[in-house]
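Structure record follows, encoded as structure tokens.
Computed from the coordinates by the stated procedures, all read-outs in this text should not be read as laboratory data. These numbers were taken from a predicted model, which means no experiment stands behind them. In this analysis, Cβ positions are derived from the backbone assuming ideal geometry, glycine residues included, and neighbour counts consider all displayed protein chains.
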Amino acid sequence: MNLSIPYGSGDQAVVVPDSLSMDTIQYRNQPVPDAAACIRQALDSPFGSESLAMLAEGKTSAVILISDLSRLSPSYLFLAELLDELNAGGIPDSAIDIVVALGMHRKQTTAEMQLLAGPQAWNRVRVHNHSALPEDCVALGATTRGTPVEINRLVAKADLLIATGNIEPHRLVGISGGVKALVPGVASHRCIEHNHSLSQQYKATVGDPNNPIHQDLVEASRFVPVHFVFNTIVNHRRELMGAVAGSVEEAHRVGSELARKHFIVKMSRKYDLVLASAGGHPKDMQLYQAVKSMVNASKLLNPGGTLLIAAHCEEMYGNGLFQYWAETIQERSRIVAMLKQTFVLGPHKFEHLDELLRHCSVHLYSKLPPSTAQLLGFVPVADLQADFNRLAQSGQTIACMPYASLTFVEYT
């Protein structure tokens, strides 16, 4: 069998000998035949809301939140349509701003913002990076779970707020999309960190937003209501598999049901060895994102099994504090103990890594220096084919998960 698994912006070949049996586990990839028609249908039939054009009537300004390049949301496909709707309702381009909902991710370059907006929208309205600095956010109160609600000043004063993004299962909050564009998308560092820290008390069920961490986001959104949401469900190539629009509650509920059908795979067996890919760019652009794919793929493994994963990681760690802790604190156990005392956003990835590495060994094929992979507890891989040949033995149960970032297994 000749496999070709995603790696960065290309693919990596792996030959599987005929003597080995391998199962392939992946999400349901079914793009719609006409993306433009899918977008138009969603806008023409909003759930639980008037049309965006009607909502815009009588409003003086609008802000649209979009995802950064580490996410799959194809904002360049639909932003011009949203602008046209706002224009039809009486809001001119000069009164519309787009904010890239970075959360605590790195800011985007001008070229990256152009790519996110698409040429039509870029030439019509202003596009800004979010800043999570406290002085660039306005304090509005706190949730009942103690999360300080501090939101980007430009967003907080918008007369009409539109959230966009992609819906897919998410291990922290259950499922992405909806209010997640607001918090953590355009919230302060303090706000994001506190919400993420709730993961030490509560665990979400993948694909289900009914958990305290997601409820905390919903409560935070009441301080700055999202008036309209446009969410997509896409494959690893950013091709549309569905789209929903309308009220943040109803549209997100319908979109979440659709996303679960695509991304959650029912399983009844586990494996000794899993060959996986994060799914290529952007899901493997940095360790901060790639760890999520490692966790997903590890769910297929028997305890003590081996994960061999390809993740390009051209941007290395993807978070400065994550890197600092990895390179200065001696033992992973000490890091985990420190995080239990005080949650720190960025280094919190070590809690995920600790759970992962207690369950299985991880062989990582990437652009990371071998020393970096070893400091994190991985076995660095220089030759993917050679490592697979060494690890794969007759009689083992073996699986391939080529799109681990989008494939979530659920055992029956």
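Taking 7 Å along the Cα-to-C-beta vector as the label spot, tell me the residue 60-residue 44 distance in nanometres, rounded to one decimal.
3.5 nm
Using just the Cα positions, wrap region 221-277 in a convex hull and report its mean projected area in square nanometres, one decimal place. Could the numbers behind the result be given before it?
Working: hull surface 24.8 nm².
Over every viewing direction, the Cα hull of region 221-277 projects on average to 6.2 nm².
Beyond 23 Å between alpha-carbons counts as too far, so tell me which of 266/340; 203/349; 107/349; 292/340; 299/349 fall in that bin. Walk me through the numbers on the way to the answer.
Values: 266/340 33 Å; 203/349 15 Å; 107/349 20 Å; 292/340 20 Å; 299/349 17 Å.
266/340, as the Cα separations exceed 23 Å there.
How much length is gained if the chain between residue 324 and residue 53 is pulled fully straight, taking 0.36 nm per residue apart and subtracting their Cα-Cα distance, in nm to one decimal?
Numbers: separation 271, 0.36 × 271 = 97.56 nm, distance 4.77 nm.
Gain in length upon complete extension: 92.8 nm.
I need the calculated FRET efficiency for the pair residue 314 and residue 336, taking r as the beta carbon distance and R₀ as 30 Å, to the nearest 0.05.
Computed FRET efficiency for residue 314 and residue 336: 0.60.
For region 357-387 and region 1-37, what is the separation of their Cα centres, given in Å?
22 Å
Compute the helix-to-body angle for 212-221: its Cα long axis versus the longest principal axis of the chain, expressed 0 to 90° and rounded to tens.
That works out to roughly 20 degrees.
If the cut-off is 19 Å between C-alpha atoms, which aspartates and glutamates fall inside it for residue 270, apart from same-chain ones fewer than 8 positions away?
In chain and number order, the partners are 23, 355, 410.
Using helices alone, what [θ] at 222 nm do you get for the chain, with -39,500 (n - 2.57) per DSSP H run of 4 or more residues, divided over all residues and rounded to the nearest 500?
Values: 14 runs with 137 residues, N = 412.
Here the helix-only value at 222 nm equals -9500 deg cm²/dmol.
Where does helix 349-359 land angle-wise versus the long Cα axis of the chain, in degrees 0 to 90, nearest 10?
The answer is roughly 30 degrees.
Given labels modelled 7 Å from the Cα in the Cβ direction, how far is it in nm from residue 20 to residue 394?
Rounded to a tenth, the inter-label distance reads 1.4 nm.
Against the longest alpha carbon principal axis of the chain, how many degrees, from 0 to 90 and to the nearest 10, is the axis of helix 110-122 turned?
50 degrees
Positive end of the charge dipole of the chain (Lys, Arg +1 and Asp, Glu -1 on Cβ, about the Cα centre): tell me which of 183, 308, 394 has its Cα farthest that way.
My answer, from the dipole projection, is 394.
Under the definition of Cα pairs under 8 Å and six or more residues apart, what whole-number percent is the relative contact order of the chain? Show your work: numbers first, answer last.
Values: 924 pairs, mean separation 84.9, N = 412.
With pairs under 8 Å counted, the relative contact order is 21 percent.
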